Amino acid sequence: MPARHVMDLTDLTVEECLDVLKLAADIRNRPGDYIDCCRGKILATLFYEPSTRTQMSFQTAMLRLGGQIIGFDNPQNSSVSKGETLKDTVRVISGYADVIAMRHPLAGSAAAAALYSRVPVINAGDGGHLHPTQTLADLATLQQEKGTLSGLVIGVCGDLKYGRTVHSLIRSLIRFPGNSFVLISTPHLRIPAYIRETLTAAGCPFTEVDSLAEAMPRLDVLYMTRIQRERFLSQTDYEKQAGIYVLDKEKMALGKADLAVLHPLPRVDEIAQEVDGDDRAKYFKQTEYGLYARMALIMKLAALPRDNPPLALTGDRHVCANEHCITRKETYLPRRFRPIGEEMLQCVYCDERFSAR
Ligand code: NCD
């Protein structure tokens, strides 16, 4: 596979992505054939932010392939608590492991880690930015449960602003023909500018609406998300957004008979427990598909040779406008931007767009 680091699933071509999904389906059907595929290989999970599913599914994936795991899930127990930079941690760990899966509260952190890593880095969630392996799980679920990745009307509901799973999902699904989106959120939690721009550039139809009930009858897929307390600047801001969207039996009654309801989990109150028994609720199956998808991705990346990244990198004079961007904390990172038109810049780490003046 030519893609080395996976910051987003769009780092893989559509063919490579389908290839990973095909391998994932085969592993699911014949897990016994894969128990030795990563024997002698090590996966490092560097989790700077809490996680249950993602971390454990990465670890389980590597163990089920016959490999081994190292890492931390609480940076306070590592040298990070002594003030070690991300760059130094990654340089050291990439000398030990064959693949790194990293989760971090700041946007662009995995891209920063990839600059200094000798082995493939998988973004396991960087702040409110992207989360490619959740998208792999989502695509595997749609492929298996809907039988297609194309021609779908996909409703995405909840925190579209900070929801990294939403951003990666949209960026991937626009690459398949005939998909359209109904983006359901409060005005405060609408999708960020770079995702809206991606949709427009791809010519993908989308509407932005407030009402889940009104959207329900049109949807083939409903992707529910949690309002993420930890992404808000204050508790009051969070409380203003919490509890607005709740999928319950009444709303399910408005949905199509073959609707598929997905959720990256964890759920708080946005899907009532009573929905769990509905055949259209796919979110627990989705976690299982995610395991096989991660196994397939790890298998492909662990086979790549070690690399020696250049250490002297030059940067730009501008400063990213996103205060949650990794370059604002790890200030040694070379600042890099893509020009957008005459006046705007887009940060290559976190995708924030801002005026260059
Ligand atoms: C999501 C995440 O961490 O972004 N969960 C996950 O990876 N399964 C969504 C969330 O935390 O709400």
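The values are calculated or read from the model by the stated rules, or taken from the named source; none is laboratory data. Please read all numbers here as calculations on a predicted model, not as lab measurements. Here the Cβ positions follow ideal geometry from the backbone for every residue, glycine too, while neighbour counts run over all protein chains shown. Accessible surface areas use protein heavy atoms only, side chains included; no ligands, DNA or RNA. Shrake-Rupley method; radii C 1.70, N 1.55, O 1.52, S 1.80 Å.
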- Query: Residues Arg294, Arg317: which one is modelled with pLDDT under 95 and among the charged types (D, E, K, R)?
  - Reply: Arg317
- Could you tell me which residue of the stretch 271-281 is farthest from Ile227 (Cα to Cα), considering only residues that are in a loop (DSSP other than H, G, I, E, B) and of a type in the set (D, E, K, R)? Asp279
- Query: What residue, of Arg103, Arg196, is open to solvent by 30 Å² or more (accessible area, probe 1.4 Å) and not hydroxyl-bearing (Ser, Thr, Tyr)?
  - Reply: Arg196
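Being within 16 Å of the ligand (Cβ to nearest atom) and under 30 Å from Asp26 (Cβ atoms): is that true of Glu288 here? Step through it out loud before you land on a result.
Numbers: within 16 Å of the ligand (Cβ to nearest atom): yes; under 30 Å from Asp26 (Cβ atoms): yes.
For Glu288, the condition - within 16 Å of the ligand (Cβ to nearest atom) and under 30 Å from Asp26 (Cβ atoms) - is met.
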- Residue pairs within 7 Å by beta carbon, gap of at least six or interchain, first lying in the stretch 32-56 and over 16 Å from Ala302 (Cβ atoms) and in contact (Cβ under 8 Å) with a residue 24 or more places away in the chain, second within 16 Å of the ligand (Cβ to nearest atom) and among the aromatic types (Phe, Trp, Tyr), listed first then second, are Gln55/Phe47
- Taking the options Gln59, Gln68, name whichever one is closer than 24 Å to Arg306 by Cβ, within 16 Å of the ligand (Cβ to nearest atom) and in contact with a strand residue (DSSP E or B) (Cβ under 7 Å, 6 or more places away or on another chain). Gln59
- Does the stretch 318-357 hold any residues that are open to solvent by 60 Å² or more (accessible area, probe 1.4 Å) and under 24 Å from Gly163 (Cβ atoms), and which are they? Glu323, His324, Arg328, Lys329, Arg338, Met344, Glu352, Arg353
- Task: Inspect all residues belonging to the stretch 177-187 and state whether any of them is open to solvent by 10 Å² or more (accessible area, probe 1.4 Å), within 11 Å of the ligand (Cβ to nearest atom) and out of contact with any His (no Cβ under 9 Å at 6 or more places or on another chain).
- Result: no
- Message: Please list, ordered by residue number, the helices (runs of 4 or more DSSP H) wholly in the stretch 100-175 having 2 or more residues that are more than 16 Å from the ligand (Cβ to nearest atom).
- Response: 109-116, 132-145
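In the stretch 24-78, which residue that is small (Gly, Ala, Ser) and part of a helix (DSSP H, G or I) is most open to solvent (accessible area, probe 1.4 Å)?
To start, the set of residues in the stretch 24-78 that are small (Gly, Ala, Ser) comprises 24-25, 32, 40, 44, 51, 57, 61, 66-67, 71, 78.
Applying the additional criterion that residues be part of a helix (DSSP H, G or I) yields 24-25, 32, 57, 61.
Working: Ala24: 6, Ala25: 30, Gly32: 52, Ser57: 15, Ala61: 0 Å².
Looking at residues that are small (Gly, Ala, Ser) and part of a helix (DSSP H, G or I), I get Gly32.
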